[in-house]
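What follows draws every value from the coordinates through simple rules; no lab data is involved. Predicted model only: the values in this text are computed from it and were never measured. Cβ atoms come from the backbone with ideal geometry, glycine included; neighbour counts cover every protein chain shown.
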Protein chains: 2
Amino acid sequence: MTEYKRWTLAKHPSGVPSEDCFALESFTPDAPQDGQVLIRTHYFSLDPGMRGRLSGDSYAAGLKIGDTIESAGIGEIIASKSERFAVGDMVMGGLGWTQALTHPDRGLQKLDPALFDDKVAMTATIGVLGVPGLTAWFGLQDLGQPQAGETLLISSAAGPVGATCGQIGKTLGLSVIGIAGGADKCAYLTDLGFDAVIDYKAEDNLVNAIEAAAPDGVDIYFDNVGGEMLDAAILNMKPKGRIVVSGQVAEYNREKPVGIRQTTRFITHRLRMEGLVVYDYAKQFPKAQAAIAALIRDGKLAYKEDISDGIEHAPRAYATLFVGANFGRRLIKAT
Amino acid sequence: MTEYKRWTLAKHPSGVPSEDCFALESFTPDAPQDGQVLIRTHYFSLDPGMRGRLSGDSYAAGLKIGDTIESAGIGEIIASKSERFAVGDMVMGGLGWTQALTHPDRGLQKLDPALFDDKVAMTATIGVLGVPGLTAWFGLQDLGQPQAGETLLISSAAGPVGATCGQIGKTLGLSVIGIAGGADKCAYLTDLGFDAVIDYKAEDNLVNAIEAAAPDGVDIYFDNVGGEMLDAAILNMKPKGRIVVSGQVAEYNREKPVGIRQTTRFITHRLRMEGLVVYDYAKQFPKAQAAIAALIRDGKLAYKEDISDGIEHAPRAYATLFVGANFGRRLIKAT
């Protein structure tokens, strides 16, 4: 059979994962057995939230040395020993950083090509219609409990979760403030309809910058960052404010977590902070995906993909997610 | 008129409030005008949660130099220019650290002496039936969302909030673990029916100690302390665990707050943390007070008062609340 390439874990990273934490292997996938399929990957995703699983710490079920790096992906069935899938079917699932793989016929979603067009690309299934978009959808609506007229603050707002969250917020009648790094990202957020943007790289004092953008305070903070940015938001929350902990990208690469200082504010301002794992809403995914796709087709929700061509780029592109380069959904074309 | 004594703020404390932060004044209260009463204080409370208002920082409405220190109290009307109160009536309200005061006839609750007996003392109105007891009641039930069979962890468990919370937890079918400092307090909690106790002064590693007491994890953490203890609890929370932020006594006297490090756990374990201000439940107070009094009369809820005789003891007794001496409700007999 044909040889393919895949990235495996070479060593557990400490800090931002360097390239030598990953090994690019050539391999020949096993021929599918009964109930299995062989998938040729077209695209896979780079997920900052997966960082914890690379560390092999004692608290999270981590990857072992030699394991293929995990990610969402879309691919094509190129051999099948399953009645569920035929050669040529397009599927979405947890394919990993690999050009091909043998996979059980469970845990894969068949994609209907008729659902995709020039407005909704098939890659959206692992982006705005996948984990990032669904995280924004359920995090904002279930944990954020938004009411029209309220103020929503979002960190890492130009990333795929943040940008989707902000646009959903606008459709719900919220006033939306985004925090992002650099003029390009801020201009992008303004184009998306954000009411205000904060370029954290241009601000000395984030507490004051948020206060200037939201003088009456913040009702919902949708946090993708954590650490000092979360503390700065807490100091600007209105009484009964809700903090949605979607990501903590500032923490993932730290030897010791920084966390927050302002816990007393939880009492004085009756704050609520709640974490999100999107898979808890799995039964509601189809309905949410249909609603998100409708917003895209109505021109109310734009999404951005940043696609690198070639599996060899994955580790370098992954590392940039942690140094402020999270601008649109990062995907790899697995050629 | 007679001279009385009261404690006023002499300087804003930094750290544990030292005695020179308070000034003991002799004064003659103004004669009550129309709509006012003159109250002779019998007892007033010492509240760790009031600490923030002494600091005069920019975030909390603080006391000014010369203001009478705030607290709950019970007293007797000794002169009245109000149709609402007659001389001899007993009242409860925010009387402060003073032997007497002139007060508007609003914001005072008249106490019916028939409601009190050898099981429920009148002082309970500023303790187990007052802010500490109501904080335990609403914090556990509204924010904690307890289900029978779940595990409840409580810090500062021998204090008036914690001890009440644990006993209410037992009536709800919870497994209750208390954290307290010293063998006396731990023995007291065992007597109250706590399932397990952790003497934090005798433990090197609080994370491990909690894990040993709750090997399957904690569903509800009722936190009166904050800081490192809160972090240790977070590392032991079950998925979908609830953290009730009732007090942060470890933080109140710090120049810089310590806060928590483990915010990433909010994602991996879908945790919720929420702060409590008991006055938000004011409309439900009478019903809760009746239920708490019934538990006391049924022998299901014991409470402990630690009464110092003489207003001059207030500052010293107040400071001990922050160094682990919070054991029962601290009251001052205002003689």
Got the B:ALA290 label distances to the other copies yet, label 7 Å along Cα→Cβ, in nm, shortest first?
-> 4.8
What gaps in nm, shortest first, separate A:ALA183 from its twins in the other copies when you place the label 7 Å past Cα toward the beta carbon?
-> 7.1
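Let me confirm one metric for peptide A:36-47, namely the mean number of other chain beta-carbon atoms within 10 Å of its residues' beta-carbons.
Details: counts 0, 0, 0, 0, 0, 0, 0, 0, 0, 0, 0, 0.
Mean shielding count: 0.
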Listed by chain and number, the aspartates and glutamates with an alpha carbon less than 15 angstrom from that of B:LYS256, same-chain partners under 8 positions apart left out, are A:GLU228, A:ASP231, B:ASP57, B:GLU228
How many nm is it between the label spots at A:PHE27 and B:ASP142, if each spot is 7 Å from the Cα in line with the beta carbon?
-> 5.4 nm
Mind checking the mean number of beta-carbon atoms from other chains within 10 Å of the Cβ atoms in B:274-280?
-> 5
Enumerate the lysines that B:LYS5 could reach by cross-link, defined here as Cα to Cα under 28 Å, with residues fewer than 8 away along the same chain left out.
-> B:LYS64, B:LYS81, B:LYS110, B:LYS304, B:LYS333
Work out the mean other chain Cβ neighbour count within 10 Å for the residues of B:250-261 and drop it here as an integer.
-> 4
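Just tell me the longest site-free run in chain B, where the sites are GluC sites (Glu not before Pro) in a DSSP loop having at most 13 other beta-carbon atoms within 10 Å. Show your work: numbers first, answer last.
Details: sites that count: B:GLU3, B:GLU83, B:GLU255.
Counting only loop sites that pass the neighbour cut-off, the longest clear stretch is B:84-254.
State to the nearest 20 debye the size of the charge dipole of chain B about its Cα centre, where the only charges are +1 on K and R beta carbons and -1 on D and E beta carbons.
Details: 33 positive and 40 negative charges, 116 e Å.
Roughly 560 debye, rounded to the nearest 20.
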Sorting from shortest, the nanometre distances separating the label point of A:SER308 (7 Å past Cα along the line to Cβ) from those of the same residue in the other copies are 6.5
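Using a Förster distance of 45 Å, how high is the FRET efficiency between A:ASP204 and A:THR335, based on the Cβ-Cβ distance and rounded to 0.05? Write out the running numbers ahead of the final one.
On the way: r = 44 Å, r/R0 = 0.99.
According to the calculation, E is roughly 0.50.
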The stretch B:293-335: trypsin sites (Lys or Arg not before Pro) in DSSP coil with no more than 14 other Cβ atoms inside 10 Å | B:LYS300
How far, in whole Å, is the nearest Cβ of chain A from the axis relating it by rotation to chain B, and which residue carries it?
-> A:MET273, 2
Ranking B:LYS256, A:LYS5, A:LYS110 by Cβ neighbours within 10 Å, fewest first, what do you get?
-> B:LYS256, A:LYS110, A:LYS5
Taking only DSSP H segments of four or more residues, each worth -39500 (n - 2.57), what value at 222 nm results for chain B once the sum is divided by all its residues, to the nearest 500 deg cm²/dmol?
-> -6000 deg cm²/dmol
Please sort B:137-147, A:176-186 by packing, taking for each peptide the average over its residues of neighbouring beta carbons within 10 angstrom, highest first.
-> A:176-186, B:137-147
So for R0 = 30 Å, FRET eff. of A:HIS313-A:ALA114 from the Cβ-Cβ r, to 0.05, ends up at 0.45
Scan around B:ILE243 for amide H atoms under 5 Å from its own, H built in the peptide plane at 1.01 Å from N, and keep only partners 5 or more places away or cross-chain.
-> B:TYR221, B:ARG272, B:MET273, B:GLU274
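Mind checking the dipole of the stretch B:131-279: about its Cα centre, +1 per Lys or Arg Cβ, -1 per Asp or Glu Cβ, Debye to the nearest 20? List each step's numbers first, then the result.
On the way: 12 positive and 17 negative charges, 86 e Å.
About 420 debye.
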Chain B - percent relative contact order, Cα under 8 Å, separation 6 or more | 18 percent
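Taking the Cβ of each residue in A:SER45, B:SER26, A:SER246, B:SER55 as the centre, tally the other Cβ atoms inside 10 Å and list the residues starting with the fewest. Mind showing how you got there, number by number?
Working: A:SER45 25, B:SER26 9, A:SER246 33, B:SER55 17.
Placing the least packed residue first, the sequence is B:SER26, B:SER55, A:SER45, A:SER246.
By counting other Cβ atoms within 10 Å of each Cβ, how are A:VAL128, A:VAL197 ranked from fewest to most? Walk me through the numbers on the way to the answer.
Values: A:VAL128 31, A:VAL197 23.
In order of increasing Cβ crowding within 10 Å: A:VAL197, A:VAL128.
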